[in-house]
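The values are calculated or read from the model by the stated rules, or taken from the named source; none is laboratory data. In this text the structure is predicted, and so the values were computed from the model without any measurement. We place every Cβ from the backbone using ideal geometry, glycine too, and count neighbours over all the protein chains shown. Note: accessible area is taken over every heavy atom of the protein model, side chains too, but ligands, DNA and RNA are not part of it. Shrake-Rupley method; radii C 1.70, N 1.55, O 1.52, S 1.80 Å.
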Amino acid sequence: MELLRTLCQIPAPAGNEAALTQFLLNYIQTASPGWQTQPTVLAGEQWQDCIILVFGQPRTAVFAHLDSIGFTVRYGRQLVRIGGPVLDEGIRLVGRDSQGEIDCTLGSDEETGQPTYEFTRDIDRGTELTYYCDFRETDTTVQSCYLDNRLGVWNALRLCETLQDGIIVFSCWEEHGGGSVAYLAKHIYETYGVRQALISDITWVTEGVHAGQGVAISLRDSLIPRRSYVERIRRIAEAAGIPHQLEVEGSGGSDAKELQHGAQPWDWCFIGAPEDNVHSPDEIVDKRDIASMLALYQELMRQL
Amino acid sequence: MELLRTLCQIPAPAGNEAALTQFLLNYIQTASPGWQTQPTVLAGEQWQDCIILVFGQPRTAVFAHLDSIGFTVRYGRQLVRIGGPVLDEGIRLVGRDSQGEIDCTLGSDEETGQPTYEFTRDIDRGTELTYYCDFRETDTTVQSCYLDNRLGVWNALRLCETLQDGIIVFSCWEEHGGGSVAYLAKHIYETYGVRQALISDITWVTEGVHAGQGVAISLRDSLIPRRSYVERIRRIAEAAGIPHQLEVEGSGGSDAKELQHGAQPWDWCFIGAPEDNVHSPDEIVDKRDIASMLALYQELMRQL
Amino acid sequence: MELLRTLCQIPAPAGNEAALTQFLLNYIQTASPGWQTQPTVLAGEQWQDCIILVFGQPRTAVFAHLDSIGFTVRYGRQLVRIGGPVLDEGIRLVGRDSQGEIDCTLGSDEETGQPTYEFTRDIDRGTELTYYCDFRETDTTVQSCYLDNRLGVWNALRLCETLQDGIIVFSCWEEHGGGSVAYLAKHIYETYGVRQALISDITWVTEGVHAGQGVAISLRDSLIPRRSYVERIRRIAEAAGIPHQLEVEGSGGSDAKELQHGAQPWDWCFIGAPEDNVHSPDEIVDKRDIASMLALYQELMRQL
């Protein structure tokens with residue numbers, strides 16, 4: 001899991017994904033000669049900090065968001081949230097401003113309860129802070145900040161190794177309301193006629209979805225995908241004998257929001273390993289669920 | 001009102017409208033030879049479960065959503081809402097899962113207040129439940145679940161009988177955040193240059209809008225349509241002497257949300273009969289308001 | 001500031017911007033012969049009540065919204081909000097209905113706390129009311145209702161005088177959820193390849209942004225612009241020595257919402273003078289901040 005560890009350690013809060021994008025472009029250049037099929041790589045200013053990889057004759061696109069939650073430094077010691085991070089006091093935050101490296105801790109304002117930082121000096125207004133990455137691996141689990149969604153990115157990169165026909169999309173801003181999938185989806189639909197999507201992202205361990213029991217196929221979250229598409233996916237997963245769990249939620253969202261609301265008739269399904277300690281520095285995922293996630297994506301990209 | 005009764009009885013919760021779509025396609029095939037003008041029918045996978053009917057040289061499009069509110073079975077006895085259904089305990093819910101037909105009642109969790117079901121057995125995770133349809137007709141009223149929006153669909157179908165120039169759209173997902181009008185509207189604007197819309201949907205009886213006093217022309221709800229378009233519609237309704245009421249709300253929405261926020265300059269107006277007992281199994285509408293709704297649509301499609 | 005005074009006095013609540021649009025078209029026709037570059041003017045039904053001005057070979061587009069907050073008359077004495085107006089009782093409201101001119105005051109319902117009007121007669125359902133404009137100018141400040149965003153419009157018009165390459169957009173509905181920028185942005189991107197935007201709008205005086213200390217460059221509000229674009233803007237402002245302040249907020253929005261969520265890869269940045277008494281009849285702005293706003297826009301349109 002060295003690749004995953006590296007992915008988790010690169011700061012990429014929503015709106016400033018450039019460092020992770022650059023890492024991925026380098027990785028793709030280095031690794032792709034070993035892939036079964038050579039993709040066309042779409043990247044550059046026209047795509048902001050997103051990347052699209054097109055393999056063969058695509059029928060389905062996989063979306064994995066690059067960005068993470070975090071904080072923006074406001075005035076005084078105030079922090080403003082990027083996405084929905086856990087706010088426990090004492091969490092270690094890192095960043096960089098005009099005066100150099102920052103390694104501080106998360107506090108909270110006594111009056112407002114809003115997040116603050118505690119540090120030896122003032123931090124430049126507008127500086128982004130992210131969780132310090134303490135990557136921990138055991139025989140059965142990986143644990144780190146930002147498994148959501150570096151694990152989804154990792155899944156997509158591993159999928160590239162054997163993918164013959166399909167599209168892999170690395171998107172931005174997912175944790176903070178979205179902002180890239182609308183144009184990515186438009187281009188993909190208009191150029192390749194593809195309107196089937198899989199969302200390679202991480203979900204929650206709940207009373208109905210348990211660690212170690214397989215990748216979760218989400219039947220719905222705050223949005224409801226088209227039933228007939230989700231049923232096709234369920235049948236493929238069952239026929240292939242890949243361990244999986246069915247998830248039903250009334251809240252939560254993903255890159256699928258932009259597919260659902262965009263001006264193309266996308267069918268989509270969220271499929272991802274469940275994690276505990278969501279949006280904290282201690283996100284933890286069972287390795288069996290990572291394995292079944294990759295296996296299911298491989299199968300689906302062949303059959304859908 | 002046999003057609004309306006049939007429409008109300010077909011389950012079509014948001015995301016799973018396929019059964020109603022299939023019924024409509026059959027109905028259109030059977031009925032359209034009797035219509036004054038033969039439409040072009042756009043349907044199939046590219047349109048998910050939506051249908052577009054194009055008559056003559058269209059200038060205006062009518063949007064009627066197919067989907068209804070309902071529930072998704074979660075874990076244990078929990079239900080998750082589809083749209084915003086009334087949650088009164090004891091309401092009869094129906095559906096079907098791998099073990100067969102379901103006829104159960106709505107309950108609520110003692111601790112969380114969230115909706116639950118009461119049934120003789122567990123229901124498969126992800127199963128959709130809808131209100132049991134008890135269709136009641138008197139000389140002056142119709143009453144049933146899902147008059148919102150089967151009455152809007154019925155109005156559109158009746159409008160087809162005499163329509164010469166115009167577009168009729170049957171959309172999906174309206175009760176749960178939308179998801180089809182963006183691409184339907186894009187296609188219609190780009191293909192036919194049409195950017196005038198009427199929303200054939202059902203509204204609320206309130207202190208300002210009364211049953212039996214005519215179809216409601218909405219001047220605004222949570223969104224505000226372009227004033228000059230709504231004024232044209234008011235003038236046509238007045239000149240034609242069709243009973244109508246002016247509605248002003250600060251909340252509520254419709255398929256118009258996607259028109260308002262889409263990437264085409266749509267003018268739109270919500271025009272529909274008011275109902276009482278909204279989003280319950282006992283939605284009730286005055287037949288005079290149904291008559292004036294259809295009459296106004298016929299007039300507007302001629303004059304706009 | 002006679003032009004600004006005139007702009008503030010023309011009612012243009014969201015959805016009914018037509019009077020202001022007409023004034024601007026007349027102004028542009030009269031004033032543009034004196035501008036350094038003659039723009040192409042896009043206006044008319046296809047653009048609803050929006051206007052696009054295209055100068056030379058554009059690389060960047062400036063968005064200034066025409067509409068304001070206000071009220072819609074509901075039933076009885078009830079008012080429904082347009083956008084988020086201040087609701088202090090006694091505020092003077094003006095409008096016009098079938099019975100003539102209206103000059104009334106804002107009240108509030110004793111039971112619901114919702115806004116009402118107090119007037120000598122009933123007002124027609126659906127009538128729009130706006131703040132009475134009491135424009136006040138001193139050596140150092142301007143004060144009026146609707147400086148948000150007539151000052152942003154004024155800034156855009158003054159910018160036109162010397163603009164060589166760029167696009168100026170006057171948009172609608174910004175105060176009430178948007179509705180025009182999606183199609184304006186689509187046209188601009190597809191026709192001119194422009195995907196850099198500046199939002200010419202007014203922001204808030206806060207603990208971190210003070211009147212008189214220069215135009216505010218927003219690093220984020222409820223949305224987060226792409227970091228690399230905002231950094232370019234900061235560097236240009238610094239190099240040019242134009243007084244400015246950096247703003248960091250967790251709430252608030254602008255026309256940028258539609259750029260961020262639209263199907264084109266727009267980079268955007270909100271740049272505007274701060275005002276106090278936001279969304280009240282007494283919005284006040286320091287003239288030095290107006291001067292630095294215009295100076296920064298002139299510089300950015302040359303260099304971006």
- [ ] With chain B rotated onto chain C, spot the residue of B whose Cβ lies nearest the axis and note the distance in whole Å.
- [x] B:Ala263, 4
Task: Amide hydrogen neighbours beyond the local backbone of B:Val215, cut-off 5 Å, H modeled - done: B:Gln245, B:Ser292, B:Met293
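From the Cα gyration tensor of chain A, with a ≥ b ≥ c the square roots of its eigenvalues, which class applies: rounded if a/c is under 1.5, or else prolate if a/b is larger than b/c, or else oblate? Can you show the working numbers first?
On the way: a/c = 1.74, a/b = 1.50, b/c = 1.16.
Verdict is prolate for chain A.
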Open item on the list: Under 10 Å, Cα contacts only: if you run a Gaussian network model on chain A, which one of A:Pro33, A:Pro225, A:Pro13 comes out with the highest mean-square fluctuation?
Closed with: A:Pro33
TODO: Enter the Cα centre distance for the pair segment A:156-212 and segment B:111-168, rounded to the nearest angstrom.
DONE: 34
TODO: With springs connecting C-alpha atoms under 10 Å apart, model chain A as a Gaussian network and identify which of A:Ala31, A:Ala211, A:Ala18 has the largest mean-square fluctuation.
DONE: A:Ala31
- [ ] Anything losing 30 Å² or more of accessible area from the isolated chain to the full protein assembly: pick those residues out of segment A:1-33, probe 1.4 Å, ligands and DNA/RNA ignored.
- [x] A:Gly15
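Summing -39500 (n - 2.57) over the DSSP H runs of n ≥ 4 in the protein assembly as shown and dividing by its residue number, what mean residue ellipticity at 222 nm do you reach, to the nearest 500 deg cm²/dmol? Write down the numbers at each step before the final one.
Working: 21 runs with 255 residues, N = 912.
Result for the protein assembly as shown, helices only: -8500 deg cm²/dmol.
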Task: Hz values of 3J(HN,Hα) by residue in segment C:34-43 - Karplus curve (6.51, -1.76, 1.60), Gly and Pro given as x - done: x, 7, 4, 10, 8, x, 7, 9, 9, 7
Open item on the list: I'd like the mean, over residues of B:72-80, of how many other protein chain beta carbons sit within 10 Å of each residue's own Cβ.
Closed with: 5
Task: Protein accessible surface hidden between B and C, which excludes ligands and nucleic acids, total in Å², probe 1.4 Å - done: 2300
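Specify the longest stretch of chain C that does not include any exposed loop site, a site being one of the GluC sites (Glu not before Pro) with a non-H, G, I, E, B DSSP assignment and at most 10 other Cβ atoms within 10 Å. Numbers along the way, then the final one.
On the way: sites that count: C:Glu110, C:Glu111, C:Glu207.
Longest run free of exposed loop sites: C:1-109.
Got a sec? What order do A:His261, C:His187 fall in by accessible area at 1.4 Å, biggest, i.e. largest, first?
On the way: A:His261 80, C:His187 55 Å².
Reading off the accessible areas and sorting them downward yields A:His261, C:His187.
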Task: Cα gyration tensor, segment A:140-190 - rounded (a/c under 1.5), prolate or oblate - done: oblate
- [ ] Could you list the trypsin sites (Lys or Arg not before Pro) in segment C:98-184 that lie in coil according to DSSP, counting only those with at most 10 other Cβ atoms within 10 Å of their Cβ?
- [x] C:Arg121
Open item on the list: Quick check: from the Cα gyration tensor, does segment A:65-136 come out rounded (a/c under 1.5), prolate or oblate?
Closed with: rounded
Open item on the list: How large is the accessible surface of B:Lys287 in square angstrom, using a 1.4 angstrom probe and rounding to the nearest 10?
Closed with: 50
TODO: Take every DSSP beta bridge whose two residues both sit in the protein assembly as shown, then give the antiparallel share in percent to the nearest 5.
DONE: 60
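Report in % the part of the accessible area of segment B:70-131 that belongs to carbon and sulfur, leaving out ligands and nucleic acids; probe 1.4 Å. Don't skip to the end; give the middle numbers.
Numbers: 1210 of 2950 Å².
Of all accessible area on segment B:70-131, carbon and sulfur atoms account for 41 percent.
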Open item on the list: Treating the point 7 Å from Cα along Cα-beta-carbon as the label, what are the nm separations from C:Gly56 to the other copies, to one decimal?
Closed with: 5.1, 5.1
Open item on the list: Tell me the angle of helix C:18-31 to the major Cα principal axis of chain C, expressed in degrees between 0 and 90 and rounded to the nearest ten.
Closed with: 40
Open item on the list: Taking A:Ala19 in one copy and the same position in all the others, each labelled 7 Å out along Cα→Cβ, what are the pairwise distances from the first, in nm, shortest first?
Closed with: 5.4, 5.4
Open item on the list: Just the number please: accessible area per residue for segment A:70-131, 1.4 Å probe, all protein chains included, in Å².
Closed with: 47
- [ ] Take peptide B:216-229, look around each residue's Cβ out to 10 angstrom, count Cβ atoms belonging to other protein chains, and average those counts.
- [x] 6
Open item on the list: Taking a point 7 Å out from Cα toward Cβ as the label site, list the nm distances between B:Asp103 and the same residue in every other copy, smallest first.
Closed with: 6.9, 6.9
Task: Built amide H within the under 5 Å cut-off of C:Trp204, gap 5+ - done: C:Glu275
Task: Estimated vicinal HN-Hα couplings, Hz - segment C:78-93 in sequence order (Karplus 6.51, -1.76, 1.60; Gly, Pro = x) - done: 6, 10, 10, 6, 9, x, x, x, 5, 10, 4, 4, x, 4, 7, 10
Open item on the list: Between A:Ser98, A:Ser254, A:Ser144, where does the largest GNM mean-square fluctuation fall for chain A, given springs only between Cα atoms within less than 10 Å?
Closed with: A:Ser98
Open item on the list: Charges on Cβ only, +1 for Lys and Arg, -1 for Asp and Glu, centred on the Cα centroid of the protein assembly as shown; of B:Phe71, C:Leu184, A:Ser144, which one is farthest towards the dipole's positive end?
Closed with: C:Leu184
- [ ] Leaving ligands, DNA and RNA out of it, work out the accessible area of A:Ser228 with a 1.4 Å probe and give it in Å² to the nearest 10.
- [x] 60
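Out of the DSSP beta bridges found with both residues in chain B, what percent are antiparallel (nearest 5)?
Numbers: 37 of 59 bridges.
About 65 percent, rounded to the nearest 5.
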